[in-house]
Amino acid sequence: MSGTLAYNMRPQSLSDILGQEHIIGENGLFTKFVEKNHPMSVILYGPPGCGKTTLAMALAHDLNMPFRTFNASTGNKKEMDLIIEEAKLSNGLFVIIDEIHRMNKMKQDNLLPYVESGLLIIVGCTTANPYHSINPAIRSRCQIVEVKPLQKEHIIQGLHKALKSEKGYHNQYTCDEEVFKHIARLSSGDIRFAYNCLEVCSIIAHENHITIEDAKNALTQANAQFDKDEDQYYDTLSGLQKSIRGSDPNGAMYYFAKLIEYNDIESLERRVLVCAYEDVGLANPNACMRTVAAFQAARTVGFPEARIPIASAIIDLCLSPKSKSSEAAIDAALASLNHQSLSAPEYLRLTPVGLDDDEKYNYDRPELWEYIQYLPDPIAQSQFYVPWMTSNYEKALAENYRRILKHGRTNQMKKLNHTKKS
């Protein structure tokens, strides 16, 4: 066998692909692309080894379309220009873009009009969440499709096929069924990892028979990118956030340790900062500020040292009091706005027309500002902010809030402006 087992076993057509029924099943998007010979640009996102590039190549094969590959991380504008010129000459081209989340603005601007016109059909592949990492201009021109880690039964099916296939070991080896289960359990949905493990097993096997001992010697630990109890990278991020929200520093450290393997400070920073302001918020604003500073330090030093300031920030957030009052307040305001959009009262407008001076907002009377009605009349009594009494800081805010609510607010600006200065 020449080449690696994983390379040799890469499917050529959609019918050879394991799993991904939501994409290649009877009513799957790629299936319909082929049936109607009408492909569209797509972004495939999911963890390593789940088959994103393979899906893209198989789609091009089944559509009988020539394709080119472009790596957004290492490719340059000249390469992209050559692809575009080829597309013009051949009246269209299928392009597979690896690491599309790393495509810089210049490359994107160069690409956009040809994706818009349909001259280029692109399939972008990324391990990053496209809703957070890919420019909206690219996103809006593509269908977003999640590629999921393979189930254990799919991994086992692929390993059986590798032993029998002419492209694989062509029945040169026998294997205990326990081996397939062991590899599938530790591969965590990554078929490439599983094939590599089987290849190592074949090297150390005696008399062309692979035993569970061989498998255990070949696999000293689970796939570092995934855990057997996790299906997706984003589940690990979610586990981290929920551990912080639940004040469990041990759970948070476990999920953080897993995420270190990805070396992805950007995704981690976004999730932890959201957690800081969403779940801790006004209960401990200083912890939010310390989290920002921790990630600034982390980006400066990089991994592995970045784990230290990030761990400090995560533990700080875990054991801080929690308050979702600010998130609840803005969500309540958005809900009101969706129900009815109202204009600001005339006296709050930047250049009010037709008002006397004593009816306008008075910039020179700061003692009156907290007596002014700022909400439009139909919702003047609405209270979007409801304090969480989980910390001394927010209790102090709440006390001031109650004082202001007690004396109320008015839209009678003339009367208010004629109030004597205290």
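Per-structure values
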| read-out | value |
| --- | --- |
| Residue list for the stretch 389-422, filter: over 19 Å from Glu367 (Cβ atoms), open to solvent by 100 Å² or more (accessible area, probe 1.4 Å) and either touching a residue at least 60 places away in the same chain (Cβ under 8 Å) or not assigned by the TED database to the domain that holds Leu348 (or both) | Tyr393 |
| Condition met for Val280 (assigned to a helix (DSSP H, G or I) and open to solvent by 40 Å² or more (accessible area, probe 1.4 Å)) | no |
| Identity of the residue in the stretch 3-26, farther than 21 Å from Asp190 by Cβ and either outside the structural domain of Val123 (by the TED database) or modelled with pLDDT of 85 or more (or both), that ends up surrounded by the fewest Cβ atoms within 10 Å (Cβ to Cβ) | Ser15 |
| Checking Tyr169 against (1) part of a helix (DSSP H, G or I); (2) under 21 Å from Lys216 (Cα atoms), the condition it does not meet | (1) |
| Candidates Leu55, Leu59, Leu44, filtered to the one that is assigned by the TED database to the domain that holds Ala137, closer than 11 Å to Val123 by Cβ, open to solvent by less than 30 Å² (accessible area, probe 1.4 Å) and in a strand (DSSP E or B) | Leu44 |
| Selection within the stretch 270-295 - more than 15 Å from Asp316 (Cβ to Cβ) and free of Cβ contacts under 8 Å to residues at least 40 places away in the same chain | Arg271, Val274 |
| Out of Phe70, Phe33, Phe94, sole residue that is aromatic (Phe, Trp, Tyr), at pLDDT 80 or above and part of a helix (DSSP H, G or I) | Phe33 |
| The stretch 306-330 residues that are open to solvent by less than 50 Å² (accessible area, probe 1.4 Å), paired with ones that are at pLDDT 95 or above and hydroxyl-bearing (Ser, Thr, Tyr) (beta carbon under 6 Å, 6 or more apart) | Ala313/Thr291 |
| In the stretch 137-173, residue farthest from Leu44 (Cα to Cα) [restricted to those that are among the hydroxyl-bearing types (Ser, Thr, Tyr) and open to solvent by 30 Å² or more (accessible area, probe 1.4 Å)] | Tyr173 |
| Leading residue by the ranking (most open to solvent (accessible area, probe 1.4 Å)) among those in the stretch 240-266 that are among the aromatic types (Phe, Trp, Tyr) and at pLDDT 85 or above | Tyr254 |
| Residue pairs meeting the criteria (Cβ under 6 Å; at least 6 apart or on separate chains; first more than 20 Å from Asn196 (Cα to Cα) and modelled with pLDDT of 65 or more, in the stretch 210-239; second surrounded by 14 or more Cβ atoms within 10 Å (Cβ to Cβ) and among the acidic types (Asp, Glu)) | Thr236/Glu230 |
| Only listed residue being over 38 Å from the mean Cα position of the chain (by Cα), among the aliphatic types (A, V, I, L, M) and either more than 30 Å from Asp279 (Cα to Cα) or not in a helix (DSSP H, G or I) (or both), chosen from Leu350, Leu375 | Leu350 |
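The values are calculated or read from the model by the stated rules, or taken from the named source; none is laboratory data. Treat the numbers as computed from the prediction; the structure is a model and nothing was measured. Note that each Cβ is placed from the backbone with ideal geometry, even for glycine, and that neighbours are counted across all protein chains shown. Please note that ligands, DNA and RNA were not included when accessible areas were found on the heavy atoms of the full protein model with its side chains. Shrake-Rupley method; radii C 1.70, N 1.55, O 1.52, S 1.80 Å.
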